[in-house]
Amino acid sequence: AKQADGLTREALLDPAFRHIILFRRPMDVVASWTQVARATLEETSFPQLVSLHALLTEAGRRVVVLDAEELLGDPEGVLRAACEGLGLPFLASMLRWPAGPKAYDGLWAKHWYAGTHAATGFVPRRQQQQPRKRKFVPQEAREVISHALPFYELLLSRRSTAAGRPAGAGAKAKKEGGTHVYEQDARNEDVLVGVRDGMTLKFNLVWRPVAKVSILDSNFMLGDGVWEGIRLHRSVLAFGKEHIRRLFDNAKALDMRLDITQDELMDLVYETCDANGMDSGIHIRLMVSRGLKPTPYQNPATTLGSPGIYILPEHKEASMGPKVNGIRLHTCHVRRSAPDMQDQQLNTHSKLNCIAACIQANKVGVEESLMLDPHGFVATCNSVNFFIVRDGVVVTPTTKYQLPGITRANVIRICQENGVEVRETDFTLTSVYSADEAFVTGTFAGQIPVTEVDGRTIGSGRRGPVTERLQGLYALLMEAEVSRSP
């Protein structure tokens, strides 16, 4: 890569050329370099590799990025992918070469090419029988590794795999139905994420492929944080004030001082969406972590600085299929706990009870789990709120053992404003099985009909008239909400 500095732009962009960028882990590069000289960021060549990649791709030239570790793990697969990406035929002879020095080895061959000169071809790493090599990285070289990591991570996100396409490209969600089904959008790979650093209180926009948190982050280690899901519709955060207020209420309950006002946080969310040119069909995950720890430990008193704030917007709309065709539920063994155990009205990152319920739904083969309260009454689903309809009356569990959902509250509101009787009360599975209709609500899901619970068909087994009407009324409420906002 450094030798490319001596080439003219015209030579680099010659359409007759094909380009491969091969890179290794920074720790491997630095460990090798320190055996013969003092390592520097420039000597790692990572900045030059990224600059070359940018130059070539912006000019529309073919360039394939390969991870050396993956090349050694599957030589033929990775080389086949590289040839496909470059429009070249793959030849089996590419996997072999004669032993000994080559005329084109270059100045540094005597330092690093001994193993290559002794080899006659690729040997997949899984077939190699070699003792573990200890690679010590001197203290002064560790800063070089940290400086090289952002460049490495960018190359890693652009690499080609043995499948012949950039890693992660075109990945699909495994579940075909459910409350959070959506179509993958390639634009999400390049969004900017809003990050308010808890140590400096500085806010920055970070490219999603390189956004990260510390391994000493409270949220990462302990699930010690709060969050909200918010939709952006026609450039307005739908019910944004209610979501931000709930986040602040939850943070206060957990004795977490955010060191920012509600209006200031709202502005940061808008700034992040505006920077991405977002308007509609956007779902935002707003996450707050208590902050950094000096060492792994749960006591909040040991936290350093202020909470970290992370704003992840995505081009993400709920698929229409479940809204029309509905979903199936299964009652799981995991119960919602009482407030003196873990208050279910808190929207925290400690979600293991919901995750356990979700796992059970996956194993059974349905889209969501229906969860009961400690007394056996219906409480909620693992990620959405639950309603039934009997004789035209909409019924939903109280919020004693569930999150007081904002979409849930809005559904109750539109019922009250449109002559639909609605009740908040305890009820059992018997009432669910014999209901005329059932549906679930959530910020992302909206309102989704439930057609089956525990193998029992609910009503006609299709979306009912009350559910369909409420979907329409909620859409009108959403338009009214964004129209009122300045």
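When ranked by the protection proxy of mean other Cβ atoms within 10 Å per residue, highest first, what sequence do the peptides 263-269, 294-300 form?
Result, highest mean Cβ count within 10 Å first: 263-269, 294-300.
Just need the relative contact order of the range 1-97 here, percent rounded to a whole number, with Cα pairs under 8 Å and 6+ apart. Numbers along the way, then the final one.
Details: 71 pairs, mean separation 31.7, N = 97.
Worked out over the range 1-97, it gives 33 percent.
Which FRET efficiency value, to the nearest 0.05, do you get for ALA253 and ALA356 by plugging their Cβ-Cβ distance into 1/(1 + (r/R0)^6) with R0 = 25 Å? It would help to have the intermediate numbers written out before the result.
Working: r = 23 Å, r/R0 = 0.93.
Here the calculated transfer efficiency is 0.60.
R0 = 35 Å: FRET efficiency of GLU271 with SER32, Cβ-based, nearest 0.05? Walk me through the numbers on the way to the answer.
Details: r = 43 Å, r/R0 = 1.22.
After rounding, the FRET efficiency stands at 0.25.
Excluding GLY225 itself, calculate the net charge of residues whose Cβ lies under 10 Å from the Cβ of GLY225, where each Lys or Arg counts +1 and each Asp or Glu counts -1.
Values: positive: ARG290; negative: ASP217, ASP224.
So the environment of GLY225 carries a net charge of -1.
Could you give the alpha-carbon Rg of the range 348-396 over 2.2 N^0.38 Å, rounded to two decimals? List each step's numbers first, then the result.
Details: Rg = 12.4 Å, N = 49, 2.2 N^0.38 = 9.7 Å.
For the range 348-396, the normalised Cα radius of gyration is 1.28.
Roughly how many percent of the accessible protein surface of the chain is carbon and sulfur, given a 1.4 Å probe and a whole-percent answer? All intermediate terms of the calculation are to be shown ahead of the outcome.
Details: 13460 of 25400 Å².
Heavy-atom surface of the chain belonging to carbon and sulfur, 1.4 Å probe: 53 percent.
Which number do you get for Rg(Cα) / (2.2 N^0.38 Å) in the chain?
Values: Rg = 27.8 Å, N = 486, 2.2 N^0.38 = 23.1 Å.
So the Cα radius of gyration is 1.20 times the expected 2.2 N^0.38 Å.
Can you give the translational diffusion coefficient of the range 199-287 in µm²/s, computed by Stokes-Einstein from the Kirkwood radius over Cα pairs at 37 °C and 0.692 mPa s?
On the way: Rh = 14.3 Å.
Answer from the Stokes-Einstein relation: 230 µm²/s.
If you place +1 on the Cβ of every Lys and Arg and -1 on the Cβ of every Asp and Glu, how big does the dipole about the Cα centre of the chain come out, in debye to the nearest 20? Show your work: numbers first, answer last.
Working: 57 positive and 55 negative charges, 315 e Å.
The calculation lands at about 1520 debye.
Need the C-alpha centroid separation for the range 273-304 versus the range 4-83, integer Å.
The two parts, judged by their Cα centres, are 34 Å apart.
Please report, in debye to the nearest 20, how large the charge dipole of the range 351-486 is about its Cα centre when each Lys and Arg carries +1 at its beta carbon and each Asp and Glu carries -1 there. List each step's numbers first, then the result.
Values: 12 positive and 15 negative charges, 43 e Å.
With only Lys, Arg, Asp and Glu charged at Cβ, the dipole is about 200 debye.
Which value does Rg/Rh take for the range 38-131 over its C-alpha atoms, Rh per Kirkwood? Could you put the intermediate results ahead of the total?
Values: Rg = 15.7 Å, Rh = 15.8 Å.
That ratio equals 0.99.
Taking only DSSP H segments of four or more residues, each worth -39500 (n - 2.57), what value at 222 nm results for the chain once the sum is divided by all its residues, to the nearest 500 deg cm²/dmol? Provide the component values of the computation, followed by the final result.
Values: 17 runs with 164 residues, N = 486.
Value at 222 nm, helices only: -10000 deg cm²/dmol.
How far is it, in nm, from the label point at ALA99 to the one at ALA54 when both lie 7 Å from their Cα along the line to the Cβ?
If labels sit at ALA99 and ALA54, their model points lie 4.5 nm apart.
Averaged per residue, what accessible area in Å² does the chain show with a 1.4 Å probe, protein chains only? Let's see the in-between values first.
Working: 25400 Å² over 486 residues.
Per residue, the chain has an accessible area of 52 Å².
At a probe radius of 1.4 Å, what is the per-residue accessible area of LEU56, in Å² to the nearest 10?
10 Å²
With a 1.4 Å probe and all protein chains kept in place, how do LEU154, LEU91 rank by accessible area, largest first?
Details: LEU154 45, LEU91 90 Å².
Of LEU154, LEU91, the descending order of accessible area is LEU91, LEU154.
Output the relative contact order of the range 312-412, whole-number percent, from Cα pairs under 8 angstrom with separation of 6+ residues. Before the final figure, lay out each step's value.
Numbers: 134 pairs, mean separation 28.3, N = 101.
Relative contact order of the range 312-412: 28 percent.
Under 5 Å between amide hydrogens, which residues at least 5 positions from VAL64 or on another chain qualify, with H placed 1.01 Å from N in the peptide plane?
It is HIS19, ILE20, ILE21, by chain and number.
Projected onto the charge dipole of the chain (+1 at Lys/Arg Cβ, -1 at Asp/Glu Cβ, origin at the Cα centre), which of THR399, GLY73, HIS283 gives the Cα projection farthest towards the positive end?
Checked the options; the winner is GLY73.
How large is ³J(HN,Hα), in whole Hz, for each residue of the range 280-294 in order, when computed from phi with the Karplus curve 6.51 cos²θ - 1.76 cosθ + 1.60 and θ = phi - 60°, using x for Gly and Pro?
Karplus-based 3J(HN,Hα) across the range 280-294 equals 9, x, 10, 10, 10, 9, 9, 10, 10, 10, 4, x, 7, 10, x Hz.
For a 26 Å ceiling on Cα separation, which of these pairs sit above it: LYS202/LYS241; LYS241/LYS363; LYS241/LYS351? Spell out each step's value before the answer.
Numbers: LYS202/LYS241 23 Å; LYS241/LYS363 38 Å; LYS241/LYS351 24 Å.
The pairs that break the limit, which is 26 Å between Cα atoms, are LYS241/LYS363.
By the scheme Lys and Arg +1, Asp and Glu -1, what is the net charge of all other residues having a beta-carbon under 9 Å from that of PRO209?
-1
Looking at the chain, do any whole DSSP H helices span at least 24 angstrom along their long axis by alpha carbon and average -0.5 or above on Kyte-Doolittle, and which?
Working: long enough: 139-157 (28 Å, 0.22); 465-484 (29 Å, 0.06).
Membrane-span-like by this criterion, though nothing is claimed about a membrane: 139-157, 465-484.
The values are calculated or read from the model by the stated rules, or taken from the named source; none is laboratory data. Source: prediction; values computed, not measured. For neighbour counting, all protein chains shown are included, and Cβ atoms are generated from backbone atoms with ideal geometry for every residue, glycine included. When the accessible area is computed, the model is the full protein with side chains, heavy atoms only, and any ligands, DNA or RNA have been set aside. Shrake-Rupley method; radii C 1.70, N 1.55, O 1.52, S 1.80 Å.
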